[in-house]
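Nothing in this text is a laboratory measurement; each read-out follows from the coordinates by a stated rule. Since we're looking at a predicted model, the values are computed, not measured. So basically every Cβ, Gly included, is an ideal-geometry build from the backbone, and we count neighbours across all protein chains shown.
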Amino acid sequence: MEKELANIFFSLDKKDEKKELQKLEKTISNFGLSLSNDEIKMLIDGRKTAIKKSGLIEISGGVTEKIIYSFCDSPYILKTDFATTIFELQDTFYYLKSNAKYDYTDDELIEKMKTAFEEFSGLSNAFLDFLTENL
Amino acid sequence: MDNFLIENNSFYLKNILLSDEEKSTFNEKFFALAKRRIELFASLDHSSIKAETAKEIFDGTLFVIETYFQSNKENILKIDFSTAFNEGIKIIEKKIEYYKFLLDIAEKSKIKFQNYYYLQTMKNLTLLPNLYDYNYFANKIPCDIDYQLAFSVDEKILGIDYITEYLKRIIIENKIINSFDKKTVFCLLKKSFVDYKNLCVNLAYPIMTNALGLKILNEDIKELNINKEKRERIAEIINANSEEKMKKILDNSANELAFDLNIFDDYSKEYLKSFAKNLYPYISLSAFSSGLGRIFTKI
């Protein structure tokens, strides 16, 4: 039954996700960052997999853009692994969305992730453990 | 997916919908409505929600829609489902008002015997009107109902319908327990259960059973006592009659019991009759094998 519901929502017309991510190009370039077409595809596919894996149903898009906006100014984001870091953060976001004790809004969750990201100097096991244990 | 809802989800719809056209129209309109309800629940703050939450909203929406169509079947092919949903909500709000009316009766007739589960459940029932989120989870009961009834409500019945049914039965059981001398009931409860105060047991059960047994024997129900001699006489009656005849005897006894207890409304009489009918397999088996000592209690 949950599968049926997921299909209903996944079949909805959504904005062109690729175009939405490409629109961020100017913003992230201010921080010396960029996303290739392959990396954009990786993020889109990764998001879908993360949603499925976390037992969630997507109502609307926009999370990847929000994560990029929120994290692109961090000193712990490296140009060389920008896309993989966003990929990991996306995964973490959906994991927490599904498992957090409190029902955080998307913005609240991203804000908490950003704070922890800065405190733990980027992605690490400690970063994930801290969020898992404290949310 | 045409008959998906009807075949897998709906308790009521099976009795409401008739033609394939109706089923198909229903599914199409319903999925669109459920999608809107889930989106509304998520609002702008959540781009995703747990699949199980979505499923609960889906079921809650179905309950509201069914509530509307139970009395408006003729509108299935005509009405916009958002309107049907809003009308269903109005019906549920009326049901909540009726529930409050029943709750008041239940509170006033509350029995004087202390049983943890009874007291806790009665307390929880008073919280329900404030906790019941019928806009999204109308099929749910938002509080624990642990106290067992002598004759349980069908678990296919959901939400406010279940809880109203439960309350009606509690009121009948309160009335039955309160109809007897407190000291006599106390002695029967002490004999029936090791610790009636703390066990999850139905307090009306031994009273209804013994009273029914006494009615089978045409004896005075007030004493609530069924000793060995009376049990043997009941066993003789059971063994001497066919199943059909015995069920008839039980039915008549339940009817007479209702009269003795000043129970005159059809619903309450039917409850006693259902209880009596439900008792038949137990008493017939015990009469043949171990005796009726486990069913009818000696004070």
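Roughly how big is the protein assembly as shown's charge dipole about its Cα centre, with Cβ charges of +1 (Lys, Arg) and -1 (Asp, Glu), in debye to the nearest 20?
On the way: 60 positive and 68 negative charges, 380 e Å.
I would put it at about 1820 debye.
If I fit a long axis through the Cα atoms of helix B:182-192 and take the longest principal axis of the Cα atoms of chain B, what angle between them do I get, 0 to 90°, rounded to 10?
That helix lies at roughly 90 degrees to the long axis.
Just to check I understand the Karplus step: with θ = phi - 60° and J = 6.51 cos²θ - 1.76 cosθ + 1.60, what whole-Hz values come out for region B:253-263, glycine and proline as x?
Taking θ as phi minus 60°, the curve returns 5, 5, 4, 5, 4, 4, 4, 4, 8, 6, 9 Hz for region B:253-263.
Pairing the Cα long axis of helix B:20-42 with the longest principal axis of chain B, what angle in degrees results, from 0 to 90 and rounded to the nearest 10?
Roughly 80 degrees between the two axes.
Compute a Gaussian network model of chain B, connecting alpha carbons closer than 10 Å, and tell me which residue from B:GLU173, B:GLU229, B:GLU219 fluctuates the most.
B:GLU229
List the residues, sorted by chain then number, that are 5 or more residues from A:LEU56 or on another chain and whose placed amide H is less than 5 Å from its amide H.
Amide H to amide H, under 5 Å and 5 or more residues apart or across chains, A:LEU56 pairs with B:ALA51.
Please list the non-local residues whose amide H lies under 5 Å from the amide H of B:ASN139, H modeled 1.01 Å from N, same-chain partners needing a gap of 5 or more.
Placed amide hydrogens put B:GLY60 under 5 Å from B:ASN139.
Kindly write out, for region A:98-115 in residue order, the coupling ³J(HN,Hα) from the Karplus curve 6.51 cos²θ - 1.76 cosθ + 1.60 (θ = phi - 60°), rounded to whole Hz, with x marking Gly and Pro.
Rounded to whole hertz, the list is 7, 10, 5, 5, 9, 8, 6, 6, 4, 5, 4, 5, 4, 5, 5, 5, 5, 4.
Compute the long axis of helix B:266-288 from its Cα atoms, compare it with the longest principal axis of the Cα atoms of chain B, and write down the angle in degrees, 0 to 90, nearest 10.
Approximately 60 degrees, to the nearest 10.
Can you compute the helix-only [θ] at 222 nm over chain B? Use -39500 (n - 2.57) per DSSP H run of at least 4 residues, normalise by all residues, nearest 500 deg cm²/dmol. Write down the numbers at each step before the final one.
Details: 13 runs with 198 residues, N = 299.
That calculation yields -21500 deg cm²/dmol at 222 nm.
Take peptide B:50-58, look around each residue's Cβ out to 10 angstrom, count Cβ atoms belonging to other protein chains, and average those counts.
Values: counts 9, 13, 7, 5, 9, 5, 0, 1, 5.
Mean number of neighbouring Cβ atoms from other chains: 6.
Please compare each pair in A:LYS26/A:LYS114; A:LYS18/B:LYS140; A:LYS19/A:LYS101; B:LYS100/B:LYS269; B:LYS156/B:LYS277 to a cut-off of 29 Å on the Cα-Cα distance and tell me which ones are over it.
Details: A:LYS26/A:LYS114 21 Å; A:LYS18/B:LYS140 40 Å; A:LYS19/A:LYS101 34 Å; B:LYS100/B:LYS269 23 Å; B:LYS156/B:LYS277 20 Å.
Flagged as over cut-off: A:LYS18/B:LYS140; A:LYS19/A:LYS101.
Could you derive backbone 3J(HN,Hα) for region B:221-228 from the dihedral phi with the Karplus parameters 6.51, -1.76 and 1.60 (θ = phi - 60°), listing whole Hz in sequence and x where the residue is Gly or Pro?
7, 4, 6, 6, 10, 10, 8, 4
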